[in-house]
Amino acid sequence: MKVTLSILRFDPEKDEKPYRKDYEIDVDPSFRILDCLDKVKWDIDGGLAYRRSCSHGICGSDAMMINGKNMLACQVLVHDFKNKYIKIDPIPSLPIIKDLIVDMESFFAKYDVVKPYLIAKSQPPAKERYQSIEDRAVIDEAVNCILCGACSASCPSLWTNDSYLGPAAMLKAYRFVFDSRDDAANERLDVVDSPDGLWRCHTIFNCVEVCPKEINITWHLSQLKKKCAMREF
Amino acid sequence: MYKYQSSKNSGAKSWILQRITGLALVVLMLGHYILMHYSPDSGHTYEAVLTRMQFSWYRIIDLLFVTLAMYHGLNGLWGIFRDYKLAPWLRISIISVLVILGVAFTAWAYNIIFSIPYVHNIALLL
Ligand code: SF4
Ligand code: FES
């Protein structure tokens, strides 16, 4: 089957601005978009740059905008698309390093701000910190995040204000604030309870629509909002 | 390079107030529409308004309506401005204009409501 990939290309060392380039390739309908990109890179244009690692929806490195929607190139198949002219762009709102590779520096800097690690203030037990099945259920969805960045890059609040922490970082805050073993909920709430934090989320749900792990991010942020509101009383 | 700006002004209070005033306004707006626009006998003449204003509870509801609507509307506008990355001087200018507008319009509305006279013989109006 013939498929045309229309890829946004940009090499800051050579190009003044990004441009589109079309590649027609012969593929099997069961090919993933990532396989198509590999085919272009290996057979037609070795200069094409994109990130990939696991190829199985685990590492989160190949988030890109495919036909206007952020998704993982390794998680969608050619036959998922009716129109075989498929547009591929880097995820928006982050600076392009080259072609489909964006600079995730600010994404991870925001992630860092919410202290994305367990802070337990009690003495560590001999073996491990246990968590009941019920307590774990509270964070079940949130722990599935693979930090692909699809959600934050799809958020209009972040497009207009790049200081906004964004859904991914705040989902991570939820993951620890609601972790029964963690003792630093207030420190994290202080970070997200700020004008460039939770209150810029207007429940637009773009993040939920694009999350490849099907996490209801907006619901999690709402729980954080409630928690912050409760602190006011 | 991203740098996190912490702030003492969290935004939680204004978020809660926006929701509470929003809920109150739904009820008040419904009452307003039913009374002012959908009940044929409510009347919009000077006499009809004056008659209604003889009841202090009606004035209190009007004052509440104006205050909540001003807060909700301007706080909502501020929320929209705040969604953009603004230079500190612009942010201060916008919030100042909004606060001045809010206080001025609320004071104006209060002045109008308080200046409506209480008529001694209400029967004359009815
Ligand atoms: S929440 Fe979903 S979309 Fe956002 S970074 Fe995590 S996996 Fe990606
Ligand atoms: S390559 Fe790892 S998630 Fe797609």
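Rule-based calculations on the coordinates, nothing more; no lab input. Quantities reported herein were computed from a predicted structural model and do not represent experimental measurements. FYI the Cβ positions are ideal-geometry reconstructions off the backbone, even for glycines, and counts take in every protein chain you see.
Overview of values
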item	result
For the stretch A:131-148, Karplus couplings with θ = phi - 60° (6.51, -1.76, 1.60), whole Hz, Gly/Pro x	9, 6, 4, 5, 5, 5, 4, 5, 10, 3, 6, 4, 6, 7, 4, 10, 6, 7
Whole-Å distance, taken between Cα centres, linking the stretch A:183-233 and the stretch B:1-70	28
Cut-off under 5 Å, modelled amide H: who pairs with A:I97 long-range	A:V102, A:D103
Peptide-level mean, for A:189-196, of C-beta atoms on other protein chains within 10 Å	5
Shape parameters for the stretch A:97-141, alpha-carbon atoms, Rg then Dmax in Å	17.1, 50
Rounded to whole Hz, the Karplus (6.51, -1.76, 1.60) HN-Hα couplings of the stretch A:12-19, x for glycine and proline	x, 6, 10, 9, 6, 8, x, 9
Overall Cα dimensions of the stretch A:157-203, principal axis frame, Å, largest first	36, 15, 15
Under 5 Å, built H, 5+ apart or other chain: amide partners of A:S194	A:W199
For the protein assembly as shown, Cys with no neighbouring Cys Cβ under 4.7 Å	A:C36, A:C74, A:C145, A:C148, A:C155, A:C201, A:C211, A:C228
For the stretch A:46-115, Kirkwood radius (reciprocal of mean inverse C-alpha pair distance, Å)	13.3
Separation of alpha-carbon centers, the stretch A:92-166 and the stretch A:15-43, rounded to whole Å	30
Highest-first arrangement of A:66-79, A:142-155, where packing means the average Cβ count within 10 Å	A:142-155, A:66-79
Rg and Dmax [Cα atoms of the stretch B:10-124; Å; Rg one decimal, Dmax integer]	17.8, 59
Chain B, relative contact order in percent, only Cα pairs under 8 angstrom and at least six apart counted	34
For the stretch A:5-104: Kirkwood Rh in Å [reciprocal of mean 1/r, alpha carbons]	13.6
Computed [θ] at 222 nm, deg cm²/dmol, the protein assembly as shown (DSSP H ≥ 4; -39,500 (n - 2.57); rounded to nearest 500)	-13000 deg cm²/dmol
Counting all C-alpha pairs of chain A, share separated by more than 23 Å (%)	53
Amide H partners (placed H, <5 Å) of A:K87, local residues excluded	A:S6, A:N67
Protection proxy ranking, peptides A:83-96, A:35-48, average beta carbon neighbours within 10 Å, highest first	A:83-96, A:35-48
Over the stretch A:105-232: Kirkwood hydrodynamic radius from C-alpha pairwise inverse distances, Å	14.9
